[in-house]
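Below: one structure, written as structure tokens.
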Amino acid sequence: MKQNNKIVLVTGAGHGIGRAIALKAAKEGYSIVANYRKDREGVEELIKEITGSGGGAWPLQFDVTDRQDCKTKLEEWTEKAGAFWGIVCNAGICSDNAFPAMTEIDWDSVIHTNLDGFYNIIHPLVMPMCRKKQGRIITIASVSGIIGNRGQVNYSASKAGIIGATKALALELASRSIAVNCVAPGVIETDMISRAPLDIILPSIPMRRIGKPEEVAALVVFLLSESASYITRQVISVNGGLI
Ligand code: NDP
């Protein structure tokens, strides 16, 4: 494994897209702080895999909806290890329902996790990054936040909110050489889509297949790199031509 002395926080790193991002970033030499909420086992395996290949990785448990816990643990981390080079806001949930049947819990849980998570994670970390005048922030939105998706009014709202927040933050941080971008996946093979009607979805994807977490990770890790230094305020899709 390469080593580059840069530390990257990946939220929701135990499985799915977050795990693929953490693994690929570690292969490229980044040390990983791997957040999980419940999936301790997944993160322990991830850390074993990274450290077993000579990389650096540490677990960090918090729920992205718990503002105070995020602040305490992330500030503790930066006091100990300095500013992160990169933040990947990947943790997210969906709770789909046709709008008339959408419950308050469907709405609140998705907004609190996906959108409040943006504030809860990035806010405690941004000033140390500004002082260093370097870094990358990458948020994970969705095709659903760009075009809207039936049965996902809550999810589309949260992801559209992330897109707006990402673009606004990019403007604020550009003069500090911190690049802030959003990656918008289409349909990716993870637990999140385990109940999605793929027979209905596949014909609408020009590539006629769903994506792999590694295909999202490849873009995220490029955006983390020095080579991506002039890319900011962008929303980049990984979706097989879906939109
Ligand atoms: P998964 O359901 O496989 O993983 C979701 C991850 O988010 C888990 O690691 C989970 O951690 C974490 N998470 C959820 N809630 C919280 C929370 N409150 N605090 C901390 N972590 C939390 O989904 P994906 O890997 O597919 O999703 C990753 C991101 O990609 C999400 O933002 C999702 O919206 C987005 N996305 C996914 C698409 C897809 O087709 N799969 C398409 C477009 C976007 P734990 O298990 O520890 O709770």
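What to note about this one:
- Whether the range 79-128 is rounded, prolate or oblate, judged on the alpha carbon gyration tensor where a/c under 1.5 counts as rounded: prolate
- Rounded to 10°, Cα long-axis angle of helix 40-52 versus longest principal axis of the chain: 50
- When +1 charges are put on Lys and Arg Cβ atoms and -1 charges on Asp and Glu Cβ atoms, the dipole computed for the chain relative to its Cα centre reaches about 840 debye.
- Straight-line reach from residue 133: taking Cα to Cα under 15 Å and skipping same-chain neighbours fewer than 8 places apart, the aspartates and glutamates in range are 172, 226.
- Using alpha-carbon coordinates, inclination of helix 16-27 to the longest axis of the chain, degrees: 30
- Taking every DSSP helix (H) stretch of at least 4 residues in the chain, weighting each as -39,500 (n - 2.57) and dividing the sum by the residue count yields a mean residue ellipticity at 222 nm of -13500 deg cm²/dmol.
- Residue of 86, 117, 148 that the Gaussian network model of the chain assigns the largest fluctuation, springs spanning Cα pairs under 10 Å: 148
- Here the Karplus curve 6.51 cos²θ - 1.76 cosθ + 1.60, taken at θ = phi - 60°, turns the phi angles of the range 60-68 into couplings of 9, 8, 6, 9, 5, 7, 8, 4, 5 Hz, with x standing for Gly and Pro.
- Counting other Cβ atoms within 10 Å as a rough exposure proxy, the listed residues 37, 136 run 37, 136 from fewest neighbours to most.
- Neighbour-count order for 159, 73, 6, fewest beta carbons within 10 angstrom listed first: 73, 6, 159
- Mean separation of Cα contacts under 8 Å (6+ apart) over length of the chain, as relative contact order %: 19
- Alpha carbon convex hull of the chain, volume per residue in cubic angstrom: 118
- If R0 is taken as 35 Å, the Cβ-Cβ distance between residue 133 and residue 201 corresponds to a FRET efficiency of 0.20.
- For the pair residue 80 and residue 41 in one chain, pulling the backbone fully straight at 0.36 nm per residue adds 11.5 nm over the alpha carbon distance.
- Dipole of the range 69-113, positive direction: furthest Cα of 78, 94, 107, with charges on the beta-carbon: 78
- Build a GNM of the chain with springs between Cα atoms under 10 Å apart, and of 126, 180, 221 the one that fluctuates most is 126.
- Computed from phi, the 3J(HN,Hα) profile of the range 224-236 under the Karplus parametrisation 6.51, -1.76, 1.60 (θ = phi - 60°) reads 6, 7, 4, 4, 9, 5, 10, 9, 8, 6, 10, 10, 10 Hz, with x in place of Gly and Pro.
- Under a 5 Å amide H cut-off, with hydrogens placed 1.01 Å from N, residue 238 pairs with 184, 186 among residues at least 5 apart or on other chains.
- Each of 58, 155, 184 was placed along the dipole of the range 7-238 (beta-carbon charges, centred on the mean Cα), and the one lying farthest toward the positive end is 184.
- Of 176, 131, 195, the one that fluctuates the most in a GNM where the chain has Cα springs shorter than 10 Å: 195
- 0 to 90° range, to nearest 10: angle between helix 153-173 axis and the chain longest Cα axis: 30
No lab work stands behind these numbers, since they all come straight from the coordinates. Only a predicted model underlies this, so the values are computations on that prediction, with no experimental measurement involved. All Cβ positions, even for glycine, are placed from backbone atoms using ideal geometry, and neighbour counts span all protein chains on display.
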